[in-house]
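Have a look at the structure below, then the notes.
Read-outs throughout are calculated quantities, based only on the coordinates presented, and are distinct from any laboratory measurement. None of these values were measured; they are calculated from a predicted model. All Cβ positions, even for glycine, are placed from backbone atoms using ideal geometry, and neighbour counts span all protein chains on display.
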Amino acid sequence: MTEAWRPDGEDEQQRRGASGPVKVRVPAKVNLHLGVGPLRRDGYHELNTVYHAISIHDELTARRGDTLTLTMEGEGAGELALDDSNLVIRAAHALAGYAGVLPHARLHLRKQIPLAGGLAGGSADAAAALVACDALWGTGLSRDELAGIAADLGSDVPFLIHGGTALGTGRGEAVSPVLARPTSWHWVVAIADGGLSTPAAYRELDRLRAAGAATAPLGSTDGLLAALRQRDPRVLAAALGNDLQDAALAMRPSLTATLKAGEAAGALAGIVSGSGPTCVFLAVDDADAGRIAAELEAVRVCRQARVAHGPVAGARIV
Ligand code: C5P
């Protein structure tokens, strides 16, 4: 019988963990269907969503250290606070607290996912921190245990541990994989200047609904799930939907032009991603996506248009 491990400080931790750096790649997410229900008493909205992980990645490297530090480069460098308010630092503390180890690591983040873009970049980084620190510290938690800690950090964080395409319920934290024959979907991701606040987008949706000015709620994910099984991008295009889109368009009216430009460029459909302001467009294939991205940049309706595919894996050591 193996004896239960009881941490007795830094030395024991040094023996158990990885000696070299641990590098984790984590994807961005889009919501193929984002059905927003009523506001709950805890301040969250009940969701019915289909998450989809796409090939725009952040990378987090964890090394041994005597304290907990975070540095970063790429998207948002110089804007994002690197102190205890950062989700990466909060994730490291949450894991250390759960596992009973010292939260010591030198973390470095390379960001490609824009800040406050509706692609769950902050949540992705928290998921990456959990996976990286678990390996660095040798705490050996299961993916389900990590997803449990993730849920306290943010509604999207458990999905980014798992990746792929998954159903999200509750406030989004209850995730179950969508089992489908492998199909790769091709996307154009139009990244806007600046971000939008997620809580503000939910508040705006509540306001629009109270004023009778929002489109009818999407409701169940059944139509989207049936469309995914058909493996035809035209069928999926018709099923995409986002209840937060009205709110994002009210807060950033210029996104209407972005959506129109994508459709004019030949996209099968375009939607706002999550709470925006990023817009995503479904293309027939990779070549078509490249052409649409070039066209979107040429007409200057976004800061940058990137080609991506999905589904891809969640936070993984590389
Ligand atoms: O869970 P997370 O921290 O990402 O949520 C950020 C904010 O978005 C919440 O504080 C809440 O205002 C809003 N939200 C919501 N309903 C959800 C998820 C998020 O109202 N299901």
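Collect residues whose amide H, placed 1.01 Å from N in the peptide plane, falls under 5 Å from the amide H of Arg64; neighbours closer than 5 in sequence don't count.
Answer set, sorted by chain and number: Arg106.
Please list the non-local residues whose amide H lies under 5 Å from the amide H of His45, H modeled 1.01 Å from N, same-chain partners needing a gap of 5 or more.
Here the answer is Arg40, since their amide H atoms fall under 5 Å of that of His45.
Excluding residues on the same chain fewer than 8 positions from Lys260, give the aspartates and glutamates whose Cα lies under 13 Å from its Cα.
Glu295
Roughly how many nanometres apart are two label points built 7 Å out from the Cα toward the Cβ at Arg303 and Arg229?
4.0 nm
Between the alpha-carbon centers of region 220-264 and region 31-51, tell me the distance in whole angstrom.
When both Cα centres are located, 16 Å separates them.
Helix-only estimate, please: 222 nm mean residue ellipticity of the chain, summing -39500 (n - 2.57) across DSSP H runs of length 4 or more and dividing by its residues, to the nearest 500. Intermediate results must be reported in sequence, preceding the final value.
Numbers: 11 runs with 113 residues, N = 318.
The per-residue figure over the chain is -10500 deg cm²/dmol.
Classify region 185-308: rounded, prolate or oblate, from the alpha-carbon gyration tensor (a ≥ b ≥ c, eigenvalue square roots; a/c under 1.5 rounded; otherwise prolate if a/b is larger than b/c)?
Details: a/c = 2.33, a/b = 1.21, b/c = 1.93.
Here region 185-308 falls in the oblate category.
Using 0.36 nm times the number of residues separating Ala238 and Asp206, minus their current alpha carbon distance, what extension gain do you get? Before the final figure, lay out each step's value.
On the way: separation 32, 0.36 × 32 = 11.52 nm, distance 2.54 nm.
Computed gain between Ala238 and Asp206 is 9.0 nm.
With a 10 Å Cβ neighbour count serving as the proxy for reagent exposure, in which order, fewest first, do Phe159, Phe281 appear?
Values: Phe159 33, Phe281 29.
Taking fewest neighbouring Cβ atoms as first place, the list is Phe281, Phe159.
Once you have the Cα-Cα distance between Asp222 and Asp83, take 0.36 nm times their residue separation minus that, and quote the gain in nm to one decimal.
So the chain would gain 45.9 nm between Asp222 and Asp83.
In whole Hz, with x marking every Gly and Pro, tabulate ³J(HN,Hα) for region 240-247 from phi via Karplus 6.51 cos²θ - 1.76 cosθ + 1.60, θ = phi - 60°.
Calculated HN-Hα couplings, in order: 5, x, 8, 5, 7, 4, 3, 5 Hz.
Can you give me the pair-distance distribution of the chain, C-alpha pairs, 20 Å bins, whole percents?
Whole-percent P(r) values from 0 Å outward: 33, 55, 11, 0.
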